[in-house]
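Each value in this text was obtained by applying a stated rule to the coordinates, not by laboratory testing. A quick note: this is a predicted structure, and the numbers were derived from the prediction, not measured. Glycine gets a Cβ as well: all are built from the backbone with ideal geometry, and neighbour counts include every protein chain shown.
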Amino acid sequence: MTHPAQTGHRVGAPWFTLFTLAWLALWAVQLVPVQLLLPLQLDTPDDADGWISGVIWSGLVLAAGGVAAIVVGPLAGALSDRTRSRIGRRRPWALGGSWLAAAALVTTAFAEGPWLIGISWIGVSIGFATASAAFTALIADQLTSQRGTASAAVGSAQALGLVVGVGVIALFELDIVAGYLLLAVLMAVLGTAAALRLPDPAVQIPPIVKTSWAGRLVALRDRDFTWMLAGRLFVNIGNGLGTALLLFFLIYGLHRHPTDAEYDLLLLILVYTVFVVVASVAGGWVSDRTHRRTGIMVASALVQAVAALLLAVAPTYETTLVAGALLGLGYGAFTSVGLALAADLLPTAADHARDLGIVNVSANLGQLLGPLLGALLVAAVGGFWLLFAAAAAFSVAGAVMTARVRLVR
């Protein structure tokens, strides 16, 4: 069967609907705990070391999950590239990852203490990395002229998943356990439905050729691919610094009451979501038609830097809302266009999922280093200004690295 991407095949609304729902579940599972549930579980206002202890534990737990995702993402992608099963190449991994993430969310819900919470969160991260590697590969497998649109769907789902998850938990006043169980059901249902219904056609795959480890890293020897990865890493570190500790910032930086802070966070996420969706859709649409993806990404990273700088110099709730809008605008366009650029730059057709797994590593590594570095910066100065200043610096560095990408295939 001819590979869909080789014929310029275009997919319709049903494909995009299922694809978006899969990513909505994935992002909800990944981001709602990061922004709300894990900080609430790990907060230590009555601890002898004060609230700083909770910030540090949050950074360590998120870092542990990030390490797991970094290892598993490319490995799951490489294995799915080589999978020959009756139900497809990507489908087994999408199903397995979705079910693992759902099961691990249940164990996280009932875990007590940072060690058990951390171990359970590693399970969630492994499931997320496995399923996301499979679903991401569908962009390169089946699309050519619609890659920007598909990447915009991923970016929009990231914001929608976060706001839907946090919104339901806050508005219905669900406790931590109920919040995790809700996410587990969402992942199991939407992940399974999308994995079973999205096409996973048989394709002509080149024979597996044994190569050295150096040969397997051919993607990293490609100049433009490497600069793209570096820019994506630094921008995601900047985003991780700016977003992972927001609940702590609202409570201890802006001195909001913990109950009020949940609603403040929800409003902030709503503002962020609107701009992420608009920027993702607009960025993907424009990049598909102009193919000038690099310029859009550079400008977007600089907008994210401005948002972080605003929080560093004027930390009020009003400026936080403005910064949230700018952050959504910048990060939404960067991620949607960035995934399309990554698909354009894939070095070898036989290793789509492996190389896109490496691309996902750059984002996951950013989400690992951002909270961990952020916790250390907050602990060092006893406040949040240095954290946001570092977020701005990493975003600018990512913009400079992305600007080095010249060739688009």
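The figures follow:
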read-out: Near-label residues of segment 253-276 by backbone N, under 16 Å of a point 7 Å along Cα→Cβ of Thr316; value: 254-256
read-out: Highest average packing first - 355-363, 141-149, 334-342, 97-105, Cβ atoms within 10 Å; value: 334-342, 355-363, 97-105, 141-149
read-out: Stretchable slack from Leu376 to Ser145, in nm (0.36 nm times residue separation minus alpha-carbon distance); value: 78.8 nm
read-out: Square roots of five times the Cα gyration tensor eigenvalues for segment 43-132, Å; value: 33, 13, 6
read-out: Choice from Thr136, Thr107, Thr316 with maximal GNM fluctuation in the chain (Cα, 10 Å cutoff); value: Thr316
read-out: Under 15 Å, Cβ to Cβ, from Thr149 - net charge with Lys/Arg +1 and Asp/Glu -1; value: +2
read-out: Virtual paramagnetic centre 7 Å along Cα→Cβ of His291, amide N under 20 Å, in segment 365-409; value: 403-409
read-out: Estimated 222 nm signal from helices in the chain, with DSSP H stretches of n ≥ 4 weighted -39500 (n - 2.57), rounded to 500; value: -26000 deg cm²/dmol
read-out: Label of the coordinate-derived value, mean projected area of the Cα convex hull in nm², listed as (i) 24.1; (ii) 17.9; (iii) 20.2; value: (ii)
